[in-house]
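*Asks:* Sharing a structure with you now.
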Amino acid sequence: MKLLFNIFGLAAAGYLGYMVEPNLRLQLTGHEPSAAEQARDKKVVLQISDAPQIDLASLKPEQLPQTVLIKSDVSVIDSASGMKMLMQAGNRVKLVRIEGGNVVVSPGEGPYTGQIPALETDLFQQLAANPPTTAPQPPPPAPEAEPAVTKEEPAPAPEAAPEPAPAAEPEPAPAAEPAPLPLPEPSAAPGGDMAPAGSAEAGPVVIAMQESIKAGQIKEFTFEQVQEWKEEAEETVDGDKFQTGTASYQAETIFGNKVIKAKALIKGGKVQRWIWPTSGMEIK
């Protein structure tokens, strides 16, 4: 009986070591833990230029890109049915969340999920090109003013009616002065394509971008945040030729106040979609 308890204790300890500590798996089974298991409990920090380091796991979902490009194969599983499928390297997949040093990904809106180390995706390249922004905090409500207490004073005694003064002769009305001529509005600086928001000198590309932002086509930034509009050269994207332009807007990020560029793809005088200039990802 004692031998049976010893065997059971050794088996339980081996199972716990296999599940809790992947590094012991090589000693117990001869099989090395996967890259996702090795990165499961690791802390990964993001360092961009001279800005302070950021713990990757501390970023909120709205501060992360919606998709990532996987650089190695990922096995995903439906936890309800136990069915598995393989997503091959080179595909762009949905980013679900961050767990330790891993990125939890999914092929779409279905129940399949899997883990891959963040270093085996383009997550860091996307965050470096477009640093995470922080939502502006609403100002605190102003304190309500207390009503002033008025002190009632006794009504003054009625005064005797004054004698009527002699009627004065009417003075001649002053001559009307001519209205000043309106000053001409300053035009855009010569030799450049940049135009301020609402400028009368804006070309069709700038006008199309301004109408798109005013219409709320995207939610990333507003018309008031834009500091510069610029017409760019034509580009061919996915076999279609577009007129292009960029809008430089100011946003508050975790690294301070930054100027960020967004590119518009225009066809037929309308913005078809907005993208990030560096990654080419669509802006929602």
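*Asks:* Considering only residues that are of a type in the set (D, E), open to solvent by 80 Å² or more (accessible area, probe 1.4 Å) and farther than 16 Å from G268 by Cβ, which ones fall in the range 201-227?
*Replies:* Filtering the range 201-227 down to residues of a type in the set (D, E) leaves 201, 211, 220, 224.
Filter once more, so that each one left must be open to solvent by 80 Å² or more (accessible area, probe 1.4 Å): 201, 211, 224.
Within the range 201-227, E201, E224 meet the criteria.
*Asks:* Is it the case that K84 is farther than 29 Å from K219 by Cβ and of a type in the set (D, E, K, R)?
*Replies:* Working: farther than 29 Å from K219 by Cβ: yes; of a type in the set (D, E, K, R): yes.
Yes.
*Asks:* Now, a different point. Report every pair of residues separated by at least 6 positions or lying on different chains whose Cβ atoms are under 9 Å apart, first residue within the range 215-228 and under 17 Å from W276 (Cα atoms), second among the acidic types (D, E) and in a loop (DSSP other than H, G, I, E, B).
*Replies:* Every condition considered, no pair remains.
*Asks:* Then there's this: Only one of I7, I48, I54 is modelled with pLDDT under 85 and over 35 Å from the mean Cα position of the chain (by Cα). Can you tell me which? So that I can check it myself, show each step before the final result.
*Replies:* Details: I48 fails: over 35 Å from the mean Cα position of the chain (by Cα); I54 fails: over 35 Å from the mean Cα position of the chain (by Cα).
Sole residue among the options that is modelled with pLDDT under 85 and over 35 Å from the mean Cα position of the chain (by Cα): I7.
*Asks:* A233 - would you say it is over 30 Å from D55 (Cβ atoms) and either among the β-branched types (V, I, T) or assigned to a loop (DSSP other than H, G, I, E, B) (or both)?
*Replies:* On the way: over 30 Å from D55 (Cβ atoms): yes; either among the β-branched types (V, I, T) or assigned to a loop (DSSP other than H, G, I, E, B) (or both): no.
For A233, the condition - over 30 Å from D55 (Cβ atoms) and either among the β-branched types (V, I, T) or assigned to a loop (DSSP other than H, G, I, E, B) (or both) - is not met.
The values are calculated or read from the model by the stated rules, or taken from the named source; none is laboratory data. Keep in mind that what you see is a predicted model, and the values were worked out from it rather than measured. Cβ coordinates were reconstructed from backbone atoms using ideal geometry, including for glycine residues, and neighbour counts include every protein chain displayed. With ligands, DNA and RNA removed, areas are computed over all heavy atoms of the protein, side chains included. Shrake-Rupley method; radii C 1.70, N 1.55, O 1.52, S 1.80 Å.
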